Structure formats: structure tokens, C-alpha cells
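The next block holds one structure in the form of C-alpha cells; read it before the comments.
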Amino acid sequence: MERRNYSQVTEFILLGFSTIPSVQVFLFQIFLILYIGTVAGNLLLIVAVRSNHLLHNPMYIFLANLSFLDICFISFTIPKMLSNFFREKKTISYGGCLIQVYGFLVLGETECVLLAFMAYDRYVAISNPLRYNVIMKTTACVRMIGASWLTGGLVSSVDIYFVYQLRYCGDIVIEHFFCEAPSLMKLSCNDLSVINVVKLVGSAILLLVPLLCILYSYSHIILAILKIRTRRYKAFSTCISHLIIVILFYGTAIIMYMKPENSGYLSDKLIAVFYTTVTPMLNPIIYSFRNKDVQGAIVNLRRSVVTSKPHFICHWSGKIR
């Protein structure tokens, strides 16, 4: 088998899910609907939070940033996959592949840290409500969001450095629908012992440490709720949506990034579909269904759009006359 190094690799081939035309058309329709629905749902949540002054508090500022992350998250993978469904040669350039890997790592690792800060926000709100406005000021919230992005960017820079050092052998065919670090590592000719250690340490830092912080926060939240004699359900309902998202996101991410390297390609694809597509789509649905404040903001936003539309039409019809 001919050995190639990275300087000779100009593109990769993404196999995706299927080469059968009828199946590809079906999958294209499904993923297009999921993509449009995810972007629209998260955009609606961002606009609802921004347009309603009652939602201008840390909990919903975090939520709006989570929605922005999810839009970016799904946009790094699905559009390229959709375009490849109708291409005979499903390729991605070497540089484009690295950009996809880096962007995916930044967004995923930023979301890990952001979910931990969201858990801390709920912990302060329930365990120390009298000092909540003092501790969780807008400036503190902005700093936490900035720290999430900074941490994700710095750790991802280390990860992408090691991905860049990979050398490849034989045909450069990725058994996946997008470029992801574990898939590239399976193609590499390198001795992966050092990279695997770095991967394990990075996964522990960016997955397990925030997860432990979340579990610590929720253990105190549960203890605080048990001490409340009334309105226990209302207190916990503000946390359950975040807890569901944590379970969905962390469960699939830990399985993907901390599993053995010899796992099957099909399982990798199915797990990746879940945390790249399903979880970003469910986030606005879960928060909308379980949060009356968000539901009210969306209803008010819809009413404002409906009432402003006739005025907009009359304004322009008057100009045309």
C-alpha cells in the first residue's frame, strides 16, 4: 500500500450513509427538514429572548447563547452533507476538512462549559435566591459566556494541532458524513499512542470535569428543593429542561469520544447524527414545552408580527400610489 503524507493529500472522500440513489433522496429530504427546523426553532428562541424584556436575565441569556451554538453546530456538518447527496464524487478539501474538525471541536467544547455554567446559574437561583441578583449579574453572565468560548477555543487549538500532524496511508476515504477527529485518526499511519493520551485527557477535561460540576450543582439543587415545603415542582421545573439537554448531549458525546477506537463505523455515524442533529433540534422544543415564560414570549412575538404586517403593507401600498 502506497504511503502518503499530509502534503500529498488535497481532499478526502466522505462516504456518508448510502450510495443508493433512492435512499439518498429520502435521506436528503429528512436531513433538510431537520436542518431547517433546527435553525428556525433556535432562531425563534433567540429572537423571543431578545425581544422580551422579561427574559433579559442570566438563565435566558445562557439559553439564547446555547441556541446560537446549536445553529453553528449543525451548520458545520449538515449543509456539506446535503450537497454531497447529489454529487458523484463526495469530496471535501483537506483545508475544508480541518476547518470542519476545528469548528466542530470549538463549538462542542464551548457547549460543554456553557452547560456547566447554566447548571451553576440554576444552583444559585434555587440554593441562594436572595443573593441571586448580586451573584449572577449581567457582567458575570457575559464573563461566563466569554470563558466558555475561550476555553473551547484554546483546548480545540491543542486538539487541531495534533490532528494536523496526522499522516495518511492508502485511499483517503472517511467512513462518515463529515470530518471528525476520531474518523481521521482511523485513517492515520501515525503512532497514535501520544495522540490517544491527549484525546483522553482532553475528553476528561472538557467532558468529565464540566459534567462533575453539573452533577455537584444538581445534588445541591435537589437537597435545596427537598427542604422547600411548597412549590417543589415549580422549583425543579426550571431545572428539568436543562437536565434533559445535559443527559442527551453528554451521553452521546462521552460514548463517541471516550469509547474504544475499534468500534464500528455505523455506530459512529448513528451517534454523530444524534449529537450533531437531534440534540440541537430538541433544545428549543424542550425549553419551549416546559417553560411558560418562553411560550409567552413566542406568543407575544407572533402577535407583534401579525399586527405589524398590515401596517407594513399599508405603508408600502401608500408609497406605490
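The alpha carbon gyration tensor of the range 3-95 gives principal lengths a ≥ b ≥ c with a/c of 1.5 or higher and a/b no greater than b/c, which makes the shape oblate. In a DSSP loop and with at most 13 other Cβ atoms within 10 Å, the trypsin sites (Lys or Arg not before Pro) in the range 120-158 are 137. Can you classify the range 122-184 as rounded, prolate or oblate using the Cα gyration tensor, where a ≥ b ≥ c are the square roots of its eigenvalues, rounded means a/c under 1.5, and otherwise it's prolate if a/b beats b/c and oblate if not? Since a/c reaches 1.5 and a/b is larger than b/c, the shape of the range 122-184 is classed as prolate.
Among 243, 207, the ranking by other beta carbons within 10 Å of each residue's beta carbon, starting with the fewest, stands as 243, 207. Listed here are the pairs 90/199; 269/292; 89/269; 199/269; 80/199; which of them are more than 31 Å apart at the Cα? Too far apart for the 31 Å limit: 269/292. Taking Lys and Arg as +1 and Asp and Glu as -1, the other residues whose beta-carbon sits under 12 Å from that of residue 150 total 0. Counted by neighbouring Cβ atoms within 10 Å, the residues 180, 88 run from fewest to most as 88, 180.
Across the range 51-161 the C-alpha pair distances fall into 10 Å bins from zero in the proportions 13, 35, 27, 16, 7, 2, 0 percent.
Throughout, read-outs are computed from the coordinates displayed, never taken from laboratory work. Computed from a predicted structure; not experimentally measured. All Cβ positions, even for glycine, are placed from backbone atoms using ideal geometry, and neighbour counts span all protein chains on display.
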